[in-house]
Amino acid sequence: DEDSQAPVRIAFGVLSSKHSESVIDEIARAVAPHPVFVHHDFTKVPVLRPLQPNVTVLDNPVVTAWGDWSLIEATQRLMARALEDPRVTHFQLLSEACLPVRPVRDFEALLRRERPDLMIDMRPMDDRRSVLSHGWRYLSEPGWMRRGARLATIWAWQHSGHAQSDNINLLLEGPGPTPLARVKQWLGYQVLMALDWRNRKRLRSLGALRLAIGSQWFGCSRRAMRWLLDMHEAFPRMAR
């Protein structure tokens, strides 16, 4: 049908902070003729000279740090730059260590067939295992609350194991080996549930419904790009 033949132009956004020219060129050759936009942190490596004609290096990068909001800001700048090209229909975020494992035409066919707005692995934070594993990071604020949430999580975990779920590594709770450990476990869980309740109230005050954890790497449609950028402008308190 008409949708299956519609032109697809994917903007591949790359987060870079290393000597990445050769890898970026390899990505660019693999996805050509689609454009590759690169956000490079020049404070880490002051020179970046990719050679492929479909590569554009952003001229307004931010200083980035692992686990910091700056990575989100860098991603937003990649999306904003991609939107400047009216032919771009989709966006796919990559790291400088990513390479396609299948021909890009297979990706084009998937986008035509499924027409997804967002492609990301996620888990809602109202799931018990998500709260126990990641809640202390996302339901508390830096300072004494974060330290208390971290201690409560350690008490709740006890002898924990690991589980891979939705491409997210979860730390699992284990049974407390002694009566004291079981009391600590119960107390830790109650603290995390109280933080979860507080966060739900905060989300409602911001006009949001749910909090989720997910992979950093995602793909989206053009309208989802615009929506993500608009939501950041509409809810500045959420970003803070």
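For the range 155-240, the residue among Leu229, Leu172, Gly161 whose Cα projects farthest onto the positive side of the dipole built from Cβ charges is Leu229. Near Gly13, the amide H atoms lying under 5 Å from its own belong to Phe37, Gln92, Leu93, Leu94; only residues 5 or more places off or on other chains count, and H is placed 1.01 Å from N. Just report the Cα centroid separation between the range 65-128 and the range 178-224, whole Å. Centre-to-centre distance over Cα atoms comes out at 24 Å.
Between Ala97 and Trp69, the simple label model (points 7 Å from Cα in the Cβ direction) yields a spacing of 2.7 nm. Spin-label model, Asp59/Arg150: points 7 Å from Cα along the beta carbon direction are separated by 4.2 nm.
Just checking the listed ones, Pro177, Pro33, Pro100: in the Gaussian network model of the chain with Cα springs under 10 Å, the one fluctuating most is Pro177. Restricting the range 1-98 to GluC sites (Glu not before Pro) that sit in a DSSP loop and have at most 11 other Cβ atoms within 10 Å of their own Cβ leaves Glu2, Glu84. Couplings 3J(HN,Hα) for the range 47-57, derived from phi with the Karplus relation 6.51 cos²θ - 1.76 cosθ + 1.60 (θ = phi - 60°), are 10, 9, 10, x, 10, 6, x, 8, 9, 10, 9 Hz, where x marks Gly and Pro.
Of all aspartates and glutamates in the structure, the ones whose alpha carbon falls short of 14 Å from that of Lys184, not counting any fewer than 8 places away in one chain, are Glu173.
Given a 1.4 Å probe and the protein chains as shown, Arg210 ends up with an accessible area of around 150 Å².
Going by a ≥ b ≥ c, the root eigenvalues of the Cα gyration tensor, does the range 22-70 fall in the rounded group (a/c under 1.5), the prolate group (a/b larger than b/c) or the oblate group?
Values: a/c = 2.25, a/b = 1.90, b/c = 1.18.
Because a/c hits 1.5 or more and a/b exceeds b/c, the range 22-70 counts as prolate.
Pick out which of Gln76, Gln92, Gln158 has the largest mean-square fluctuation in a Gaussian network model of the chain, springs linking Cα atoms closer than 10 Å. Ranking Gln76, Gln92, Gln158 by mean-square fluctuation puts Gln158 first. Here the extension length gained between Arg198 and Arg129 equals 23.0 nm, from 0.36 nm per residue of separation less the Cα-Cα distance. At the residue level, Ser17 shows approximately 40 square angstrom of accessible surface with a 1.4 angstrom probe and all protein chains present.
Extension gain, Glu114-Ala181: 0.36 nm per intervening residue step, less the Cα-Cα distance, totals 19.2 nm.
How compact is the range 21-128 by the rule of thumb for globular proteins, expressed as Cα Rg over 2.2 N^0.38 Å? So the range 21-128 has a normalised radius of gyration of 1.17.
Less than 5 angstrom separates the built amide H of Ser165 from those of Leu170, all sequence-distant by 5 or more or on a different chain. A full extension of the chain between Ala208 and Met231 corresponds to an added length of 7.2 nm, given 0.36 nm per residue minus the alpha carbon distance.
Summarising the strand pairing of the chain, around 45 percent of its internal DSSP beta bridges are antiparallel.
Residue by residue, the range 200-217 carries 3J(HN,Hα) couplings of 4, 4, 5, 4, 4, 5, 8, x, 9, 9, 9, 10, 9, 9, x, 5, 5, 8 Hz when phi is fed to the Karplus relation 6.51 cos²θ - 1.76 cosθ + 1.60 (θ = phi - 60°); x denotes Gly or Pro. Using just its DSSP H runs of length 4 or more, each adding -39500 (n - 2.57), the chain gives a mean residue ellipticity at 222 nm of -14000 deg cm²/dmol after division by all residues.
FRET efficiency for the pair Arg223 and Arg49, taken as 1/(1 + (r/R0)^6) with r the Cβ-Cβ distance and R0 = 35 Å, rounds to 0.55.
How big is D for the range 164-203, in µm² s⁻¹ as a whole number, if Stokes-Einstein is applied with the Kirkwood radius of its Cα pairs at 4 °C and 1.567 mPa s?
After rounding, the answer is 107 µm²/s.
Close amide H partners of Ala212, meaning residues 5 or more places away or on another chain with modelled amide H under 5 Å apart, are Met125. The lysines whose alpha-carbon is closer than 27 Å to the alpha-carbon of Lys44, local same-chain residues fewer than 8 away aside, are Lys18.
For the chain, the relative contact order comes to 21 percent (Cα pairs under 8 Å, sequence separation of at least 6). Exposure check, 1.4 Å probe, all protein chains in place: Trp227 carries approximately 140 Å² of accessible surface. In order along the range 27-43, the phi-based Karplus estimate (6.51 cos²θ - 1.76 cosθ + 1.60, θ = phi - 60°) of 3J(HN,Hα) comes to 4, 4, 5, 6, 9, 4, x, 5, x, 10, 9, 10, 9, 10, 7, 6, 6 Hz; Gly and Pro are listed as x.
With all distinct Cα pairs included, what does the Kirkwood hydrodynamic radius of the range 73-228 come out to in Å, to one decimal, could you say? By the Kirkwood definition, the hydrodynamic radius is 18.2 Å. This model, with +1 at the C-beta of Lys and Arg and -1 at the C-beta of Asp and Glu, gives the chain a dipole about its Cα centre of some 1060 debye.
Positive-end ranking of Phe12, Val62, Pro103 along the dipole of the chain, with charges on Cβ about the Cα centre, is headed by Val62. What is the angle, in °, between the Cα long axis of helix 104-114 and the longest principal axis of the Cα atoms in the chain? Nearest 10 is fine, range 0 to 90. The helix 104-114 is inclined about 60 degrees to the chain.
The values are calculated or read from the model by the stated rules, or taken from the named source; none is laboratory data. Everything numeric here is computed off the predicted structure, so don't read it as measured data. Note that we place each Cβ from the backbone using ideal geometry, even for glycine, and neighbour counts take in every protein chain shown. Just so you know, the surface numbers come from the protein's heavy atoms only, side chains and all, with ligands and any DNA or RNA stripped out. Shrake-Rupley method; radii C 1.70, N 1.55, O 1.52, S 1.80 Å.
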